[in-house]
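Reviewing the structure listed below.
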Ligand code: UDP
């Protein structure tokens, strides 16, 4: 088979040309980065877990009418997705203060927010993804006012879905980041959830113990990242109880 054409390589994923027009193959790597790629590691099996988890979340979102780019999982590390024009913003939704918000505003990590708060960050590694306002977004043409309204509506629906899903397995969704893309139907444009939703881009705390089950385990050297992601996948029923991704041999009694 001819080698596939690579379209883009990011820190944790590679995009290849897809088999049909307007499709891409999204490959999940084992690489983990933090602090704008100043910290880097390779976590055995992370890509396999994130491929499964993102499939699980996006399939659920599609099922409740929140449009996403996800079409189907192809194998352990790859999924078929719709090609979109990515809006160059990271959309963050926060239910509790943590991370950069706690630092910036001096609010203790874990403080419940009075309502979900949405923030936009410009996707620009050289600038360290700065926080931007709606005024900036419109003035510099990164998106229109209509896009912003649609992005907020999408982000809140994703938040409700993900919060409920996680609550059901004893996990608090503290915050998360999504990326949103445009698709075109003739002259008509629609916004859909793109990229990935995984513990790489969420803060997930065990409700009982407060244990972190997300990329902060890597950022803050709190233990084994693959173990944390495996726990999330196991609770959601994405992995069988023993943690294996494929059924093992059956013991003959
Ligand atoms: N996030 C992300 N990619 C980024 C920045 C943030 O996925 O480039 C996620 C992060 O995992 C967290 C949320 O967005 O769930 C809010 O992150 P925050 O602004 O607190 O920044 P951080 O503390 O991660 O630097």
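Points worth noting:
- Residue 168 vs. criteria away from the ligand (no atom under 12 Å from the Cβ), loosely packed, with under 12 Cβ neighbours inside 10 Å and free of Cβ contacts under 8 Å to residues at least 40 places away in the same chain: yes
- Residue 103 falls short on exactly one of the conditions (1) touching a residue at least 12 places away in the same chain (Cβ under 8 Å); (2) over 15 Å from the mean Cα position of the chain (by Cα); (3) within 11 Å of the ligand (Cβ to nearest atom), and that condition is (1).
- Number of positions in the range 95-118 that are over 26 Å from residue 46 (Cβ atoms), touching a strand residue (DSSP E or B) at 6+ places or on another chain (Cβ under 6 Å) and surrounded by 18 or more Cβ atoms within 10 Å (Cβ to Cβ): 0
- When 187, 175, 124, 195 are checked against the criterion of being at pLDDT 95 or above, surrounded by fewer than 17 Cβ atoms within 10 Å (Cβ to Cβ) and farther than 19 Å from residue 234 by Cβ, 124 stands alone in meeting it.
- Where a residue in the range 116-132 is under 21 Å from residue 98 (Cβ atoms) and its partner, wherever it lies, is part of a loop (DSSP other than H, G, I, E, B) and more than 9 Å from the ligand (Cβ to nearest atom), with Cβ under 8 Å and at least six apart: 120/133; 121/130; 122/88; 122/130; 122/142; 123/88; 130/124; 132/142
- Of all residues in the range 165-179, one or more are more than 18 Å from residue 228 (Cβ to Cβ) and assigned to a strand (DSSP E or B).
- Qualifying positions in the range 115-151 - within 16 Å of the ligand (Cβ to nearest atom), outside any loop (DSSP other than H, G, I, E, B) and within 20 Å of residue 85 (Cβ to Cβ): 120, 121, 122, 125, 132, 151
- Yes/no for residue 92 being buried (at least 18 other Cβ atoms within 10 Å of the Cβ), within 16 Å of the ligand (Cβ to nearest atom) and assigned to a strand (DSSP E or B): yes
- The criterion of being within 16 Å of the ligand (Cβ to nearest atom) and under 16 Å from residue 180 (Cα atoms) does not hold for residue 66.
- Tabulated pairs, the range 80-99, first without any contact (Cβ under 8 Å) to a residue 24 or more places away in the chain and on the phi < 0 side of the Ramachandran plot, second part of a strand (DSSP E or B) and surrounded by 20 or more Cβ atoms within 10 Å (Cβ to Cβ), C-beta under 9 angstrom, 6+ apart or interchain: 97/174; 97/175
- Among the residues of the range 1-45, the ones that are more than 14 Å from residue 125 (Cβ to Cβ) and either away from the ligand (no atom under 16 Å from the Cβ) or without any contact (Cβ under 8 Å) to a residue 12 or more places away in the chain (or both) come to 24 in all.
Condition check ((1) surrounded by 18 or more Cβ atoms within 10 Å (Cβ to Cβ); (2) in contact with a strand residue (DSSP E or B) (Cβ under 9 Å, 6 or more places away or on another chain); (3) in a loop (DSSP other than H, G, I, E, B)) across all residues:
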| site | (1), (2), (3) |
| --- | --- |
| 7 | no, yes, no |
| 27 | yes, yes, no |
| 33 | no, yes, no |
| 47 | yes, yes, no |
| 53 | yes, no, no |
| 62 | no, yes, no |
| 65 | no, no, yes |
| 79 | yes, yes, no |
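- Listed by first and then second residue, the pairs with beta-carbon distance under 6 Å, at least 6 apart or on different chains, first residue in the range 194-205 and more than 15 Å from residue 155 (Cβ to Cβ) and in a loop (DSSP other than H, G, I, E, B), second near the ligand (Cβ under 9 Å from one of its atoms) and modelled with pLDDT of 95 or more, are 199/214; 200/215.
- Restricting attention to the range 219-237, the residues that are within 16 Å of the ligand (Cβ to nearest atom), touching a helix residue (DSSP H, G or I) at 6+ places or on another chain (Cβ under 8 Å) and in a helix (DSSP H, G or I) add up to 4.
The values are calculated or read from the model by the stated rules, or taken from the named source; none is laboratory data. Since we're looking at a predicted model, the values are computed, not measured. Neighbour counts run over all protein chains shown; Cβ positions are idealised from the backbone, glycine included.
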